[in-house]
Every structure is written in structure tokens, then in C-alpha cells.
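Please see the structure below; I have some questions.
The values are calculated or read from the model by the stated rules, or taken from the named source; none is laboratory data. Quick caveat: nothing in here was measured; it's all calculated off a predicted structure. As a convention, Cβ positions derive from the backbone with ideal geometry for all residues, glycine included, and neighbour counts pool all protein chains shown. For accessibility, only protein heavy atoms count, side chains too; no ligands or nucleic acids. Shrake-Rupley method; radii C 1.70, N 1.55, O 1.52, S 1.80 Å.
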Amino acid sequence: LLPSSAGIGVGLVGFGLFFVLFGMLLYFDSVLLAFGNILFLSGLVFIIGFRRTFTFFFQRPKLKGTSFFLGGVLIVLMRWPLLGMLLEAYGFITLFRSFFPVAFGFLGSLANIPVLSKVSRALGMALPGRCDPWGLSSLGDINPDRCGWDQTGKLLQKVGDSSSMV
């Protein structure tokens, strides 16, 4: 199903995340964190290719997140793990901010997990079959035209002629 290089990349990303989490569990062991960072970044290159990885990280709007993330990796490599991981976390959140609503919405609808569904509703994220007024979801069954607002500012989902609260 996946090309061999993408399969290798998924494995590298998985091992990279494992080593980062294991390094954090062992009180921010700098060697494990550095190894995890290198595996994660090399796995990303294997999955989407060098050119796409480079263009993703070095887009003009994402330079701030990239500088924090790669600066954090460099600081972890220089054996300042706590500061490096804080910088990496900020950079990661800044870089992948646009993916979080889609991921939470997909996870909340995929497994129908009550906690994730409640979190996504509380954050105003769309779930399949619901309205998506801000266009946050890439799922095909969400219709932004079915949305509306009542007088109090609450989001309504239009179903036929009647409206219901989301």
C-alpha cells in the first residue's frame, strides 16, 4: 500500500517519537532526545520527500515555527535538553497549528470517543455530518452552507426547514 520509502519513513517517525517520549520519561536524557529528533526529521524526509519537507519548513509564514523547532533540536544536540524541548514544543505547535483541528475532528469522529468528541465540540471544531462554518475540516461530508448563527451568537446547524443547536 505504501511505497517502500514511505514505509521506512513511517517506521523512522514512529521510532523517533518513541525515543523522544522515552527520553522525556528518563528526565530529559539528551542523547535519547537528540536521537529521537534525528529519527523524526529523517522519517519526515522519507515520507514526503526532501523537496516537500524543505518547502514545508521554509515557507515564509512558517519561518518562526521552523526557527524555534530546528533551534530546539540544535540546543538538544548541545545537551541543553529542557530548554531545547520547550523551544521544540513551541515550534511544533506553531508549525502544525493548522493540522490540529482536522486531526481532533477526525479522531473524534473515527472512533466515536466521547471525550474527544466533547473536546472538539468545546473547541468549536467540526465533526462529520455537522456544519463547518470556518472550513476547518477536509472531510467531504461537511457542508458549510448548513450553518447559521442565532441571536445569542451560538452556532446553529440547519436541518431542512428546522434548526438545531450544535
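Return a yes/no flag: does the stretch 4-25 have any residue that is among the hydrophobic types (A, V, I, L, M, F, W, C), under 15 Å from residue 75 (Cα atoms) and in a loop (DSSP other than H, G, I, E, B).
no
Could you list all residues from the stretch 28-58 that are in contact (Cβ under 8 Å) with a residue 40 or more places away in the chain, at negative phi and in a loop (DSSP other than H, G, I, E, B)? Let's see the steps before the verdict.
First, pick out the residues of the stretch 28-58 that are in contact (Cβ under 8 Å) with a residue 40 or more places away in the chain: 28-30, 33-34, 37, 46-47.
From the residues that got through so far, the ones that are at negative phi too are 29-30, 33-34, 37, 46-47.
Passing the criteria: only 29.
Moving on to the next point. Would you mention how many residues in the stretch 1-27 are open to solvent by less than 70 Å² (accessible area, probe 1.4 Å) and touching a residue at least 12 places away in the same chain (Cβ under 8 Å)? Before the answer, list the steps.
First, pick out the residues of the stretch 1-27 that are open to solvent by less than 70 Å² (accessible area, probe 1.4 Å): 5-7, 9, 11-14, 16, 19-20, 23.
If we keep only those that are touching a residue at least 12 places away in the same chain (Cβ under 8 Å) too, we end up with 5-6, 9, 11-14, 16, 19-20, 23.
Summing the residues that are open to solvent by less than 70 Å² (accessible area, probe 1.4 Å) and touching a residue at least 12 places away in the same chain (Cβ under 8 Å) in the stretch 1-27 gives 11.
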